[in-house]
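The values are calculated or read from the model by the stated rules, or taken from the named source; none is laboratory data. The model shown is predicted, which means the values in this text are computed figures rather than measured ones. Cβ placement follows ideal geometry from the backbone for every residue including glycine, while neighbour counts extend to all protein chains displayed. All accessible areas refer to the heavy atoms of the entire protein, side chains included, with ligands and DNA or RNA removed. Shrake-Rupley method; radii C 1.70, N 1.55, O 1.52, S 1.80 Å.
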Amino acid sequence: MNTKIQNNAPQQMERRRFFQMSGRFGFTAAVAGVSAGAMFSNDAMAQVANEERERESKSKFQVIMATEYILGASRSYPMMQLDFKENIQNFTAGKVYVKLSPGGQLGVGGALVSKVQNGTVPIAMHSISNFAPFAPAVDLINIPYWCGNNQQFVNLVMSAEWRNRVHPAVEARGFKPLMYVCIDPRTVAIRKGLRDRPVSVPDDIAGIKFRVPSSKVLQTFYRLAGANPTPVAWGETSSAMKQGVADALDPSLQALLTFGFADTLHSISTIRSVPDAQIYSCNLQWFNGLPKDIQAGITEAADVTFRQNLARVPASRAYAMDQLRQAGVKIHVPSADDIKQWVARCGHQLPAWDAMKAEFAGSLADFDKLLEAANTQGRYHVQDVS
């Protein structure tokens, strides 16, 4: 692995400094100090800590927001946790104070989603795939080649059709979707030693052990492609790839870099099949118990943070691609003809998807309305993978 990535002295120094400031001023103040660029100044950190204490003391509501991601990951993975914290505080006129719990401190994957559902954690960010077992309707997004491109995904989740049809089903499970996070589409990433060329077409993954999350739709997708879907918990995926328990996995370029797969992978192919998207959800009962003006402020904060997320997608992609290439990972862009093979083998138009469409959307006709929404340009624009 490239030493620039593996032994990054500035990053190690920042981490040590963060822990020093966290011990001295408190974790949340250190988080705010990172955002304000004050971490290496004792005077500036003291001022930030005072501001955080003052904000918390003046607030009427204190809320925990949990994510799986460390704060330093924002450069390659625009999950917007610092921005969302700040925006919630500002758009509620200081009545809400947000305590961040990043880096999986309160759980990852389904364990974190479960805590939102039972109200232990009011707000959390997690993948849509890990959300699917708790709110099955969102698993529609994982049907391949109907909303895989960034713009299609954004058109869909911000459409009235999606919010009127899918959100009620999510709320019936005890969740309120606050904000979707656009990253980039899923890929096909293969481990070193499996093959000497990147994957281009479905036949290239025939029979290989393909790591999948708990989404039954994604398991069906890779079975149609000819692979052997192998469910592996996210926390065990890195070791599974290194040990050959899994041969391939499918996160976005940004996620693969952020979670340290650069030294494991031979190549990454951008097949643009399914959004590797995240969502901020909250406990519905908690949200409904807030005053109306606080609800409105959190909703507005989510909209503003969503816009900020869309603007950061190209930069995060460029950084991830550069770092992965420096680590020796080949990044392959399949041709248009190659993509046609993926669509023909696995795409949403196949009868194999009809039962899931009807189950999650209500009917095939309702799915077609969602498909139309995905392909109708809305008010939000985002750059797609070229």
The chain, helix-only ellipticity at 222 nm - DSSP H runs n ≥ 4, -39,500 (n - 2.57), divided by all residues, nearest 500: -14500 deg cm²/dmol
Whole-Hz couplings from phi, Karplus 6.51/-1.76/1.60, listed for region 138-154; x for Gly and Pro: 6, 5, 3, 4, 8, 5, x, 6, 9, 9, x, 6, 4, 5, 4, 4, 5
Selection from ALA365, GLY328, ASN309 lying farthest towards where the dipole of region 302-382 points positive, charges on Cβ: GLY328
ILE64 long-range amide H proximity, modeled H, under 5 Å: LYS99, ILE123
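At 1.4 Å probe radius, can you tell me the per residue accessible area of region 220-374 in Å²?
Values: 5980 Å² over 155 residues.
Result: 39 Å² of accessible area for each residue.
What FRET efficiency comes out for the pair ALA111/SER335, r = Cβ-Cβ distance, R0 = 45 Å, nearest 0.05?
Working: r = 40 Å, r/R0 = 0.89.
The formula returns an efficiency of 0.65 here.
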For region 216-230, 3J(HN,Hα) per residue [Karplus equation, 6.51 cos²θ - 1.76 cosθ + 1.60, θ = phi - 60°, Hz, x = Gly/Pro]: 6, 5, 5, 4, 5, 3, 6, 5, 4, 6, x, 7, 10, x, 10
About the Cα centre, charge dipole magnitude for the chain (Lys/Arg +1, Asp/Glu -1 at Cβ), debye: 640 debye
Rounded percent of accessible protein surface that carbon and sulfur make up, the chain, 1.4 Å probe: 50 percent
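Could you pull out the pairs from LYS99/LYS216; LYS99/LYS292; LYS216/LYS340; LYS292/LYS357 whose alpha carbons sit more than 26 Å apart here? It would help to have the intermediate numbers written out before the result.
Numbers: LYS99/LYS216 34 Å; LYS99/LYS292 21 Å; LYS216/LYS340 23 Å; LYS292/LYS357 35 Å.
Over 26 Å apart, Cα to Cα: LYS99/LYS216; LYS292/LYS357.
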Label-point separation in nm, ARG379 to GLU54, each point 7 Å along Cα→Cβ: 3.5 nm
Residue-by-residue Karplus 3J(HN,Hα) for region 300-313, coefficients 6.51, -1.76, 1.60, Hz, glycine and proline x: 5, 4, 5, 5, 5, 5, 4, 4, 5, 4, 4, 5, 8, 4
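Note down, for region 162-211, the three equivalent ellipsoid semi-axes (square root of 5 times each alpha carbon gyration tensor eigenvalue), biggest first, whole angstrom.
Values: eigenvalues 280, 30, 23 Å².
Equivalent-ellipsoid dimensions as semi-axes: 37, 12, 11 Å.
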DSSP bridge orientation in the chain - percent antiparallel, rounded to nearest 5: 55 percent
Amide H within-cut-off set for VAL212, under 5 Å, with H built and near neighbours excluded: THR230, VAL232
From the coordinates shown, mean projected area of the Cα convex hull in nm² corresponds to which of (1) 23.8; (2) 18.0; (3) 21.7: (2)
Principal axes of region 311-377: Cα extent on each, largest first, Å: 47, 30, 20
